[in-house]
Each structure stands twice: as C-alpha cells, then as structure tokens.
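The values are calculated or read from the model by the stated rules, or taken from the named source; none is laboratory data. Since the structure is predicted, the reported quantities are computational estimates derived from the model, not experimental observations. Cβ: placed from backbone, ideal geometry, glycine included. Neighbour counts: every protein chain shown.
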Amino acid sequence: MSHMNYTIIKDEVLLTNFIEWLPTLEKHETYYISLFARNKYETESNVLKANKALLKRFTTTKENLFDKIKQLEVQFGAYKSNGLAIPQESLAIYINPNPRDLEKATKNSLIKFVDLITRDYSGYNPHQEVLSEIQKACSRKIFFDLDFDDILPESVLPTIKEFINEDCLRVLRTRGGFHLLVELSKIHKDFEKTWYKSITTISGCDMKGDNLIPIPGCIQGNFIPYFL
C-alpha cells in the first residue's frame with residue numbers, strides 16, 4: 001500500500017454539480033471545509049481512540065473548491081493518529097453551505113486575541129483560532145439545515161411536504177440518513193411561521209441550523225453522499 005493515495009473525490013460529476021449549485025460568494029465571503037477521520041466509519045483497526053479527529057480545515061473560494069479538495073489526496077499514511085496511518089474508510093469531508101463572513105471573523109479574531117494575550121500563554125495556535133472564528137461567522141443564512149439520523153428520506157418526506165413547499169427543499173442523502181436543506185428565501189408565505197416547529201418535531205431530526213454537511217461526490221466513510 002506504500003504508493004497508494006487517499007481518495008477524497010469519488011464522483012467528479014456529483015462534486016462539480018454541487019459546486020455549481022453553491023451560492024456565489026460576495027467579496028467578503030469564503031467557504032469553510034473540514035476533513036475528519038471518524039471511528040464509527042472504521043471498526044476494524046481501532047486506530048482512532050476518539051470519536052473523531054479533525055485532520056485538515058481550510059477556506060476557499062467557489063472557483064478553487066474542487067482543486068483544494070483534490071489537494072487533500074495525499075499519500076496513504078500522511079494522515080496519522082497516535083503515530084498510526086489513518087484508514088481510508090474513516091475519512092469524511094464536510095462543508096458549510098452558508099458562506100462565512102471574513103470581516104466579521106476578523107473583528108471577532110481581534111477580540112479573541114486581545115483576550116488571549118492578556119493571559120499567560122495556554123498553548124493556543126493563532127492560525128487555528130482564526131479558522132475557528134471563520135467557521136462561526138455566518139455571513140448569509142441562505143440554507144437552514146436539518147440533519148436526520150438513522151432514517152431514510154422516503155419514510156418522512158411525504159410528511160415534510162405537508163409542512164413546507166417542495167421547491168425550497170434539497171435532500172442530501174448521507175451515510176446515516178439525510179440532510180434537509182431549506183432555502184429560506186423560497187419558503188411560501190403560508191408556511192413561514194409554522195414550518196420550523198412542524199418539521200423539527202419529526203422523529204430522527206437531530207441537528208438543526210447552520211451546520212456542516214457532507215460534500216456530494218466525496219467520501220463519507222464508504223459512502224458517497226448525493227442530492228436526491
């Protein structure tokens with residue numbers, strides 16, 4: 001296995017279509033991406049002691065997103081946990097589909113740094129602190145994400161469609177269930193006040209809001225996420 005590389009992109013067409021679908025960024029915005037290793041996707045080797053390990057995170061424009069993901073496909077063994085090569089099967093890559101606000105992140109980073117430099121050094125890394133602020137700084141809430149775990153879309157979509165107009169929904173099939181992306185600007189007037197309460201009470205609805213989602217066409221364990 002010495003000359004093999006990790007695979008991140010599994011279906012270039014799915015990925016390219018997803019990138020085209022993403023909102024066009026304004027000049028103060030960026031996209032935020034994370035590559036994780038997750039032990040629940042890989043049960044054989046027990047390399048990962050924790051539930052998940054963050055291997056890489058970065059920001060990018062829409063135009064550079066494909067190439068930036070491709071650059072993660074390094075030689076096998078370059079990602080390690082406790083000195084051991086991280087298995088291919090444990091990898092999963094995520095993006096926040098809502099653009100991040102670089103101006104807001106810069107201001108919040110300055111506040112954070114003022115706080116950090118007035119104390120004794122605690123082992124922080126300024127680069128990582130800035131990335132965390134970028135992750136938190138949502139620019140435009142274009143999508144509201146609802147994560148349904150251990151449930152198939154077809155079992156709850158008929159119910160969901162009673163609570164909201166279908167043309168504002170995108171369903172992202174994932175390894176453990178699906179993400180329901182609600183495009184907020186497209187919600188019909190008659191559902192505006194009621195959709196959230198109705199959908200979030202459906203069994204299996206786990207995380208909700210401005211979440212990271214698996215990237216279509218890329219790895220999520222041994223699964224390739226895709227839009228229905």
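Which pairs turn up if I take residues in the stretch 110-137 that are without any contact (Cβ under 8 Å) to a residue 12 or more places away in the chain and outside the structural domain of L54 (by TED's automatic domain parsing) and look for partners that are assigned to a helix (DSSP H, G or I) and surrounded by 11 or more Cβ atoms within 10 Å (Cβ to Cβ) with beta carbon separation below 8 Å, at least 6 apart in sequence or on another chain?
Once the first residue is without any contact (Cβ under 8 Å) to a residue 12 or more places away in the chain and outside the structural domain of L54 (by TED's automatic domain parsing) and sits in the stretch 110-137, its partners that are assigned to a helix (DSSP H, G or I) and surrounded by 11 or more Cβ atoms within 10 Å (Cβ to Cβ) give S122/L116; Y124/L116.
Which of the strands (runs of 3 or more DSSP E) found entirely inside the stretch 1-117 contain at least 1 residues meeting this: exposed (fewer than 14 other Cβ atoms within 10 Å of the Cβ)?
By residue number, 52-60.
Pairs, please: C-beta under 8 Å, at least 6 apart or cross-chain, first residue over 12 Å from F18 (Cα atoms) and in contact (Cβ under 8 Å) with a residue 60 or more places away in the chain and in the stretch 199-228, second among the basic types (K, R) and in a loop (DSSP other than H, G, I, E, B)?
Hits for this filter: D210/K141; I219/K10; Q220/R175; G221/R175; N222/R175; I224/K10.
Please give the strands (runs of 3 or more DSSP E) falling wholly within the stretch 142-227 in which 1 or more residues are among the basic types (K, R) and surrounded by 13 or more Cβ atoms within 10 Å (Cβ to Cβ).
169-173, 205-209
Given the conditions (1) within 27 Å of Y6 (Cα to Cα); (2) basic (K, R); (3) in contact with a helix residue (DSSP H, G or I) (Cβ under 7 Å, 6 or more places away or on another chain), which single one is not true for K80?
(3)
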